[in-house]
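Asks: Take this structure, written in structure tokens, and hold onto it; I'll ask about it next.
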Amino acid sequence: MTTREGLSIYWHTFTHSLHGMLEKPMWMMLLISLCLMSTVYANRTVWDLPVAVIDQDHSSASRLLTRDLDATSKIKTVSYDSIPEARRDLGERKLFAVVIMPIDLEKKILAGEDIVIPVYGDATNRLANGQIQQDVVAAYQSLLSQYNTQLLLASGFSNRQANVLLTPIVGQTLDLFNPGISFAAIAFPGLLVMLLQHSLLIASVRVNITLKSAPDGKPAIPAFLGGLSALIPIWLFLSIVLFVLWPWVLGYRQTASIAEIILLTFPFLLAVLGLGKFVTECLRTVEMIYLTLSFITMPVFYISGTLWPLQAQPGWVRVVSSMLPSTWATKAIAGVNQMGLPFHEVGGDILMLLLLCAFYTLLGIGLGFLRDSGRLRTLLHRKKPLRND
């Protein structure tokens, strides 16, 4: 085959595959599923969670603490008279927590005695429970600071001296990665990368199987390259929508340009295409591939480092995670688009994506050669020795 013939086959397969995907844009289902999943994070945080407050002290301190709790953005206090009623509503999920102001709260504060403020929370919802815990601690610290300031002023200290004694060190927080404590801001970049990886993996496997089952026999290499490369423009367009347009609509922080997003996404797409080639040669049937992908999608999302740090995972899990394109893509895209890192800082992640592309592509080609030539069957099924009767 001459170079001109190879280019002609490549271009014909590329245009035919691209036209077919544009004519029947099933890949648009990715955008629909994204809208359905990510709109729950449109507010980017939770607020006004109903929390019961049972005031058994009825003092100025208990009323001040209740007002401080209600002033927080996450808590909306609801007054209750009895503990059993509040616990019942907590069990029925009408409340997220129950806070009890104990008897003699103010007296113990003024006397410098230890204080225990019982808080019953719904631990099944870790996000809401954690936010409520932070606000309860902050409100209690604010109450103690006010009382301690009054005691110091009554003892002859000035306002400046009281502030120095109570807060000798003033901390300052700088927003670098996804500003604000928001579960959505943490999970959003990883979710987008996983959607791209899963959808492209299914599409590339489908293209591989379709080309292999062509009626005119096994297609040439330019035909394979043309069919697979036709997926790249579609998924580059999806990457711009997912990493630029949709976060802008939802109001998430972005620091990368469209050109940088494309340069980050392109090696990621190549790595996924290589992984798709390897998966196709391993399973070779549409049913087995779809069944396998449906089971491994969620585990891949969990071990990619989005929800749990890679450093806290067992060593063998980190090895598996490092073999996934989504792990390196999430790190690179989040670093540039959320943390504001310069592009050269994620060069190692891009290099790993290109290495994964070459590794899985060569592994898939080698496995396909062994299976087509029958050598793999020979290696797996050795001849059994004859029995002497």
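The values are calculated or read from the model by the stated rules, or taken from the named source; none is laboratory data. Everything numeric here is computed off the predicted structure, so don't read it as measured data. Positions of Cβ are backbone-derived with ideal geometry, glycine not excepted, and every protein chain shown enters the neighbour counts. Side chains included, ligands, DNA and RNA excluded: accessible areas come from the protein's heavy atoms. Shrake-Rupley method; radii C 1.70, N 1.55, O 1.52, S 1.80 Å.
Asks: Could you tell me which numbered condition residue 349 fails, if it satisfies all but one of (1) under 24 Å from residue 252 (Cβ atoms); (2) open to solvent by 70 Å² or more (accessible area, probe 1.4 Å); (3) among the charged types (D, E, K, R)?
Replies: With respect to (1) under 24 Å from residue 252 (Cβ atoms); (2) open to solvent by 70 Å² or more (accessible area, probe 1.4 Å); (3) among the charged types (D, E, K, R), residue 349 is out only on (2).
Asks: So residue 13 passes all but one of these: (1) out of contact with any Gly (no Cβ under 6 Å at 6 or more places or on another chain); (2) not in a strand (DSSP E or B). Which condition number does it fail?
Replies: (1)
Asks: May I pose another question? With a cut-off of at least 3 residues that are touching a residue at least 12 places away in the same chain (Cβ under 8 Å) and surrounded by 21 or more Cβ atoms within 10 Å (Cβ to Cβ), name the helices (runs of 4 or more DSSP H) lying wholly within region 202-262.
Replies: Here the list reads 221-229, 231-240.
Asks: Got at least one residue in region 279-294 being of a type in the set (D, E, K, R), in a loop (DSSP other than H, G, I, E, B) and open to solvent by 60 Å² or more (accessible area, probe 1.4 Å)?
Replies: From region 279-294, those of a type in the set (D, E, K, R) are 281, 284, 287; that's our starting set.
Next cut, in a loop (DSSP other than H, G, I, E, B) only: 284.
Now restrict to residues that are open to solvent by 60 Å² or more (accessible area, probe 1.4 Å): 284.
Yes: one or more hits.
Asks: Now a separate question. Within region 122-130, is there a residue that is in contact (Cβ under 8 Å) with a residue 60 or more places away in the chain and more than 22 Å from residue 63 (Cβ to Cβ)? Even if it seems obvious, please write down each step before you answer.
Replies: The first filter runs over region 122-130 and keeps only residues in contact (Cβ under 8 Å) with a residue 60 or more places away in the chain, leaving 127-128.
Those still in the list that are more than 22 Å from residue 63 (Cβ to Cβ) too: 127-128.
Yes, region 122-130 has at least one match.
Asks: Could you tell me which residue of region 116-170 is surrounded by the most Cβ atoms within 10 Å (Cβ to Cβ), considering only residues that are within 29 Å of the chain's Cα centre (by Cα) and β-branched (Val, Ile, Thr)? Talk me through it step by step, then tell me what you get.
Replies: Going residue by residue through region 116-170, those that are within 29 Å of the chain's Cα centre (by Cα) are 121-138.
Subset that is β-branched (Val, Ile, Thr): 124, 132, 136-137.
Details: 124: 8, 132: 24, 136: 22, 137: 12.
Looking at the filtered set, the residue picked out is 132.
Asks: Also, I was wondering about something else. Answer yes or no: is there a residue in region 99-112 that is surrounded by 13 or more Cβ atoms within 10 Å (Cβ to Cβ), acidic (Asp, Glu) and not in a helix (DSSP H, G or I).
Replies: Looking for residues that are surrounded by 13 or more Cβ atoms within 10 Å (Cβ to Cβ), acidic (Asp, Glu) and not in a helix (DSSP H, G or I), one finds at least one in region 99-112, hence yes.
Asks: Go through 255, 297, 280 for me and flag whichever is within 19 Å of residue 366 (Cβ to Cβ) and either among the β-branched types (Val, Ile, Thr) or touching a strand residue (DSSP E or B) at 6+ places or on another chain (Cβ under 7 Å) (or both).
Replies: Values: 255 fails: within 19 Å of residue 366 (Cβ to Cβ); 297 fails: within 19 Å of residue 366 (Cβ to Cβ).
It is 280.
Asks: OK, next. Do the conditions hold for residue 94, that is, is it open to solvent by 80 Å² or more (accessible area, probe 1.4 Å), touching a residue at least 40 places away in the same chain (Cβ under 8 Å) and touching a strand residue (DSSP E or B) at 6+ places or on another chain (Cβ under 9 Å)?
Replies: Values: open to solvent by 80 Å² or more (accessible area, probe 1.4 Å): yes; touching a residue at least 40 places away in the same chain (Cβ under 8 Å): yes; touching a strand residue (DSSP E or B) at 6+ places or on another chain (Cβ under 9 Å): yes.
Yes: the conditions hold for residue 94.
Asks: I'm checking my understanding of the structure. Among residues of region 57-91 that are open to solvent by 80 Å² or more (accessible area, probe 1.4 Å) and outside any helix (DSSP H, G or I), which one is nearest to residue 122 (Cα to Cα)? Before you say what the answer is, go through the steps one by one.
Replies: Initially, region 57-91 is screened for residues open to solvent by 80 Å² or more (accessible area, probe 1.4 Å), giving 58, 63, 67, 71, 76, 79, 81, 84, 87-88.
Retained after the next criterion (residues that are outside any helix (DSSP H, G or I)): 58, 76, 79, 81.
Details: 58: 26, 76: 15, 79: 18, 81: 20 Å.
Only one residue tops the list, namely 76.
Asks: If you scan region 334-349, which residues turn out to be within 19 Å of the chain's Cα centre (by Cα) and touching a residue at least 24 places away in the same chain (Cβ under 8 Å)?
Replies: 334, 336, 337, 338, 339, 340, 346
Asks: Only one residue in 70, 104 is modelled with pLDDT of 85 or more and at positive phi, so which one is that? Break it down into steps so the answer makes sense when it comes.
Replies: Numbers: 70 fails: at positive phi.
Residue meeting the stated conditions: 104.
Asks: Collect the residues in region 295-333 that are part of a helix (DSSP H, G or I), under 12 Å from the mean Cα position of the chain (by Cα) and among the small types (Gly, Ala, Ser), keeping them in residue-number order.
Replies: Passing the criteria: 326, 329.
Asks: Is there a residue in region 265-288 that is in contact with a Leu (Cβ under 6 Å, 6 or more places away or on another chain) and at pLDDT below 85? Lay out the reasoning, then the answer.
Replies: Residues of region 265-288 in contact with a Leu (Cβ under 6 Å, 6 or more places away or on another chain): 267-268, 271-273, 276, 278, 281.
Add one more test, that the residue is at pLDDT below 85, and what stays is 281.
Checking region 265-288: at least one residue is in contact with a Leu (Cβ under 6 Å, 6 or more places away or on another chain) and at pLDDT below 85.
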